[in-house]
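Right, one structure below, let's go through it.
The values are calculated or read from the model by the stated rules, or taken from the named source; none is laboratory data. This structure is a prediction, so every number in the text was calculated from the model and none was measured. Side chains included, ligands, DNA and RNA excluded: accessible areas come from the protein's heavy atoms. Shrake-Rupley method; radii C 1.70, N 1.55, O 1.52, S 1.80 Å.
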Amino acid sequence: MNSTAPHEGYHDATETDEQFRARLRAFLDEHRPGRRPRRAEDRLRWQKDWLATLFDAGFAGPSWPRRYGGMELGFARQVIYQEEYNRARVPGPLGTGLGIAAPTIIKYGTEEQKDRYLRPMLRGDSVWAQGYSEPGAGSDLPALRTTARRAGGGPDDVDAYYVVDGQKVWNSAADIADVLFTLVRTGPPGSRQDGISYLLIDAHSPGVTVRPLRDLTGDAHFCEIFFNEVRVPVANRIGAENGGWPLVRTSLGHERAAGAMNQAALYRRVLDELIELAHERGATADPLIRDRLAEFEMRVRIMRLTGMRTISDILAKGEPGPASSTSRLFIVTFEQELHEFAVDLLGCYGILDRHDPHAVQRGRWVWGFLRTRASTIGAGTAEIQRNTIAEQVLGLPRDPAMPSTGRS
């Protein structure tokens, strides 16, 4: 692995924002990785090669500190980066580590852990997946039951390890992961958030089993993970034993914030393509159709402004804060409603999936409709987001029937 990134992606103090945009655009256009392979193993290699190209040229990690291979861009440059990256339609990150685990390690990890994990993650040499939710402990994470029993020595013994047993579910990218960032119960039963630790588990360890879960689209975007007496070195714990809950809040906040600007840039393009589809089908003569498209236009612009605010909050405070729930809820309801509208626009063609030869645009809108049914579940359900907004943004009394969301 190339451990030091050249300075092509960095800039001198005299470079303007527009010069940076032009240089980034030229790099993305020149190094575009070509057509996405069909076979899963070829696609994984193709994406890893692209991430390595970005990293080695110094164009990876727009918000990451430079000492870990990132660009450490200011507010305006991060916005430009996300806009140009989505315009180029190049592959995105692998796994879920970059936007969730990395900020947690940067804030709570030891220097040895940062040096060990961050650069390989950013370069794509190591793929990370989240292991939080469990059967019966999805939105109520403090109820998790996966246990980690300490063995092999005393508190200061370098040979000490945890023995992990349990199950995780709804895990994105676990089938290609090298590392699982996982919540485990190290405290006694019933200790809830006071007995949770944050462990990094080698996904290739003996006793780890990953099984795909097929969803409405017919694809397996999620997995379930089983741990059977998996040995994990104590050195792989981030933060203190039984002190994982503050790390969870950091992870979840960044998970909800990580895609805000990226999603805004993505849906700017998707909405433009939907408007083009409406024109092609002669639907824009209908004033009701035009009204809905105008509404979506306003919401995409709001999404972009909200993403910019999220980046600004992270730069100013180091955390996205509870407002990340506002952004997350806005985005997931938007993408569901946009795809519902697209399927209605297609009329009878809205029942044809991507495998039907008569499907419009290879069934992309129908696939999106099915895929976004899960949008209001991932990264915390819409109900949990509303509770967070009510308690931490609006200052309303906590609902005693819901688990505490904590204070950010």
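For the range 33-176, go through all pairs of different Cα atoms, get the mean of 1/r, take its inverse, and jot down that Kirkwood value in Å.
Its Kirkwood hydrodynamic radius stands at 17.6 Å.
With the full set of protein chains in place, find how many percent of the accessible area of the chain is carbon and sulfur; take the probe as 1.4 Å.
The nonpolar share, carbon plus sulfur, comes to 53 percent.
Leaving ligands, DNA and RNA out of it, rank S197, S63, S133 by accessible area with a 1.4 Å probe, largest first.
Sorted descending by solvent-accessible area, the residues read S63, S133, S197.
Using a Gaussian network model on the chain with a 10 Å cutoff between Cα atoms, which of A294, A235, A101 fluctuates the most?
Ranking A294, A235, A101 by mean-square fluctuation puts A294 first.
At 37 °C and 0.692 mPa s, grab the translational diffusion coefficient of the range 127-241 from Stokes-Einstein with a Kirkwood Rh over Cα pairs, rounded to a whole number in µm² per second.
It comes out at roughly 230 µm²/s.
Of (1) 56, 51, 39; (2) 83, 82, 48; (3) 74, 53, 46, which one was derived for Cα extents along the principal axes in Å from the structure shown?
Here Cα extents along the principal axes in Å agrees with entry (3).
Given H placed 1.01 Å from N in the peptide plane, which residues other than close sequence neighbours of F222 have an amide H under 5 Å from its amide H?
Residues meeting the criterion, in which the H sits 1.01 Å from N, are L213.
Using helices alone, what [θ] at 222 nm do you get for the chain, with -39,500 (n - 2.57) per DSSP H run of 4 or more residues, divided over all residues and rounded to the nearest 500?
The helix contribution divided over the chain gives -13500 deg cm²/dmol.
Any idea what angle helix 323-346 forms with the longest principal axis of the chain, computed on alpha-carbon atoms, 0 to 90 degrees, nearest 10?
Result, in degrees: 40.
Quick one: what are the phi-derived ³J(HN,Hα) couplings along the range 41-58, Karplus 6.51/-1.76/1.60 with θ = phi - 60°, whole Hz, x for glycine and proline?
5, 5, 5, 5, 5, 4, 6, 5, 4, 5, 5, 5, 4, 4, 4, 5, 8, x
Not counting ligands, DNA or RNA, and with a 1.4 Å probe, what is Y117's accessible surface area in Å² rounded to the nearest 10?
Ignoring ligands and nucleic acids, Y117 comes out at about 20 Å².
Helix 287-317 versus the longest principal axis of the chain: what is the Cα-based angle in degrees, 0 to 90, to the nearest 10?
30 degrees
Using alpha carbon centroids, what distance separates the range 159-230 and the range 77-156, in Å?
Measuring centre to centre over Cα atoms gives 13 Å.
Calculate how many DSSP beta bridges within the chain are antiparallel, expressed in % of all such bridges and rounded to the nearest 5.
85 percent
At a threshold of 8 angstrom on Cα-Cα distance, excluding pairs fewer than six apart, so keeping six or more, what relative contact order does the chain reach in percent?
12 percent.
Largest first, what is the accessible-area ranking of R36, R214 with a 1.4 Å probe?
Per-residue accessible area, sorted high to low, gives R214, R36.
Mind checking the angle between helix 245-258 and the chain's longest principal axis? C-alpha axes, 0 to 90 degrees, to the nearest 10.
20 degrees
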